Amino acid sequence: MKRAYLFDIDGTLLKVQHKVNRKLIQRILERFGISHISVGNIDFAGKTDRDIFSDLLNQPEDELFHQVKQHYLQELERHLSAEDIHVFDGVHDSLDYLQKKTAWTGLLTGNFARAAKIKLDAIGLHERFRFGAFGDDHHDRNDLPPSAFEELVRKSGESFHPSDMVIIGDTPRDIECARSFGSVAIAVATGTYSHDELAACNPDVVLTSLTEFPEWIEGFTKKAGH
Ligand SMILES: [Mg+2]
């Protein structure tokens, strides 16, 4: 029986240096004459990019939103390099493990699709993900799993059940969106939330880092009988 694994990006696979991403957003807002907001103190964890930008601009999506989004993506592409990104322990091994199992591996992230590609291309990992759901189309993270599921079924040509999807992320919002769709929820304590804070949200497991991922999956699939 097949399973599909969907990874969040920030706090789960990697961390973009705080100063790079925040500075970049601050600079763009200032370019558009928005200087009263300090991006440094805002909590972005688990939110979609669409949500973050429409909150920052404090208005519904209009021409300004689309201009700021385009500037952000262009600046990110121009300035982000591998040195600005820390890849968490266990990421490469986990992806190699899933590749050996020929599992469907995808992304479930609040990042705009192009931002996800820019970040993952910078560290040579983008090609490892075959499908996904992104923050372009949705405000609410809970809308991402159904959208990823639809793409999984379409691309694979196989039948899946929501419980065949394993969603891996670093925030209570990742756990909640997995639960809302009836998928397996794996939390990793590599982001801003502690092991205890994540455990309080009742995921299937909390891992200290993805170094524990292959072993946990081995045990989980054995227990499930497939
Ligand atoms: Mg995250």
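The values are calculated or read from the model by the stated rules, or taken from the named source; none is laboratory data. Just so you know, these numbers come straight off a predicted model, no measurement behind them. A quick note on method: Cβ atoms are made from the backbone with ideal geometry, for glycine too, and the neighbour counts reach across all protein chains shown. Quick note on the areas: whole protein, heavy atoms, side chains included, nothing else; ligands and nucleic acids left out. Shrake-Rupley method; radii C 1.70, N 1.55, O 1.52, S 1.80 Å.
Could we say that Lys15 is at pLDDT below 85 and open to solvent by 40 Å² or more (accessible area, probe 1.4 Å) here? Taking the combined requirement at face value, the residue does not satisfy it. One residue stands out in the stretch 3-21 among those that are away from the ligand (no atom under 16 Å from the Cβ) and outside any helix (DSSP H, G or I): the one that is farthest from Pro146 (Cα to Cα), namely Arg3. Assess whether Phe220 counts as being more than 16 Å from the ligand (Cβ to nearest atom), among the aromatic types (Phe, Trp, Tyr), at pLDDT 95 or above and over 16 Å from the mean Cα position of the chain (by Cα). Considered against the rule, which asks whether it is more than 16 Å from the ligand (Cβ to nearest atom), among the aromatic types (Phe, Trp, Tyr), at pLDDT 95 or above and over 16 Å from the mean Cα position of the chain (by Cα), Phe220 comes out as no. When the strands (runs of 3 or more DSSP E) confined to the stretch 22-140 are screened for residues that are aromatic (Phe, Trp, Tyr) and assigned by TED's automatic domain parsing to the domain that holds Gly11, those reaching at least 1 such residues are found at 104-108, 131-133. Please tell me if Leu98 is open to solvent by less than 70 Å² (accessible area, probe 1.4 Å), away from the ligand (no atom under 16 Å from the Cβ) and not acidic (Asp, Glu). Against the criterion (open to solvent by less than 70 Å² (accessible area, probe 1.4 Å), away from the ligand (no atom under 16 Å from the Cβ) and not acidic (Asp, Glu)), Leu98 qualifies. Answer yes or no: is there a residue in the stretch 175-185 that is closer than 22 Å to Lys47 by Cβ, surrounded by fewer than 16 Cβ atoms within 10 Å (Cβ to Cβ) and either under 13 Å from the mean Cα position of the chain (by Cα) or within 16 Å of the ligand (Cβ to nearest atom) (or both). No - not one qualifying residue is present in the stretch 175-185.
With respect to the conditions (1) open to solvent by 30 Å² or more (accessible area, probe 1.4 Å); (2) over 20 Å from Asp164 (Cα atoms), Ser209 lacks only one, and its number is (1). When the stretch 114-138 is limited to residues that are closer than 20 Å to Val166 by Cα and away from the ligand (no atom under 16 Å from the Cβ), the one that is surrounded by the most Cβ atoms within 10 Å (Cβ to Cβ) turns out to be Phe131. Checking Val166, Val153 one by one, the residue that is farther than 18 Å from Asp96 by Cα and of a type in the set (A, V, I, L, M) is Val153 and no other. Condition first: within 18 Å of Lys15 (Cβ to Cβ), modelled with pLDDT of 95 or more and of a type in the set (S, T, N, Q). Now tell me which residues in the stretch 172-212 satisfy that. If the condition is that a residue be within 18 Å of Lys15 (Cβ to Cβ), modelled with pLDDT of 95 or more and of a type in the set (S, T, N, Q), then Thr190, Ser194, Thr208, Ser209, Thr211 are the ones that fit. Within the stretch 152-161, the set of residues being exposed (fewer than 15 other Cβ atoms within 10 Å of the Cβ) and of a type outside the set (S, T, N, Q) comprises Val153, Arg154, Lys155, Gly157, Glu158, His161.
Filter the stretch 33-68 for residues that are among the charged types (D, E, K, R) and under 20 Å from the mean Cα position of the chain (by Cα); which is surrounded by the most Cβ atoms within 10 Å (Cβ to Cβ)? Break it down stepwise before answering.
In the first step, residues of the stretch 33-68 are kept if they are among the charged types (D, E, K, R); the result is 43, 47, 49-51, 55, 61-63.
Among the residues that remain, those that are also under 20 Å from the mean Cα position of the chain (by Cα) are: 43, 47, 49-51, 55.
Working: Asp43: 9, Lys47: 19, Asp49: 23, Arg50: 21, Asp51: 17, Asp55: 14.
Here the residue is Asp49.
Under the condition of being among the polar types (S, T, N, Q) and either in contact with a Leu (Cβ under 9 Å, 6 or more places away or on another chain) or within 18 Å of Glu75 (Cα to Cα) (or both), the residues counted in the stretch 27-47 number 1.
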